[in-house]
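The values are calculated or read from the model by the stated rules, or taken from the named source; none is laboratory data. Computed from a prediction, not measured in an experiment: that's the story for all the values here. Heavy atoms of the whole protein, side chains included, go into the accessibility calculation; ligands, DNA and RNA do not. Shrake-Rupley method; radii C 1.70, N 1.55, O 1.52, S 1.80 Å.
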Amino acid sequence: MTLETILLAVGPGDADRTDELAETVVDVAQPADATVVLAHVFTSDEYEEVLDRLDVDPDGETGDADEVAARHATIRDLMAVLDEAGVDYEIRGSVGNHGQTIVDLATEVGADRVVVGGRKRSPTGKAVFGSTAQKVLLSAPCPTTFVRGEE
């Protein structure tokens, strides 16, 4: 199986694990000469909050989810690492339920691998609060790499 496209999906809780995510995706993408799709997934409420914080007109040109994602600090940090490593990338922004939207994006971009971050949770914590990473691990159309953040 060739590795051409890697989806690196981030959300609001990934700012503290950017280094681990970047290292993982560079280690996989660089030798394969794969393109990384940097995707920031927002719920509707998160997206509205970001638009307000960035003072973006949701109906204007800069209200596009891809443009908003490109302005997000986590994506900019990842872009800098990929630029330095010489890894090609594109940026995608999407609004919806985190887990299902990541799975849908993986299908849409034809991802050969998905990389997601998360933190350790007890089985009870997953049952009560759900787990984006668990949804992606179980439903993605391709292999998924889970990157656990520092405790």
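Miscellaneous remarks
- Protein heavy-atom accessible surface, 1.4 Å probe, per residue over the chain: 54 Å².
- Between amide H atoms placed 1.01 Å from N, distances below 5 Å from residue 147 occur with 116, 117, 118, all of them 5 or more places distant or on a separate chain.
- Within the accessible surface of the stretch 1-105, defined with a 1.4 Å probe on protein heavy atoms only, the carbon and sulfur portion equals 42 percent.
- Counting heavy atoms of the protein chains alone, residue 98 has an accessible area of about 40 Å² for a 1.4 Å probe.
- Sequence-separation-based contact order of the chain, relative, with Cα cut under 8 Å and 6+ spacing, percent: 32 percent
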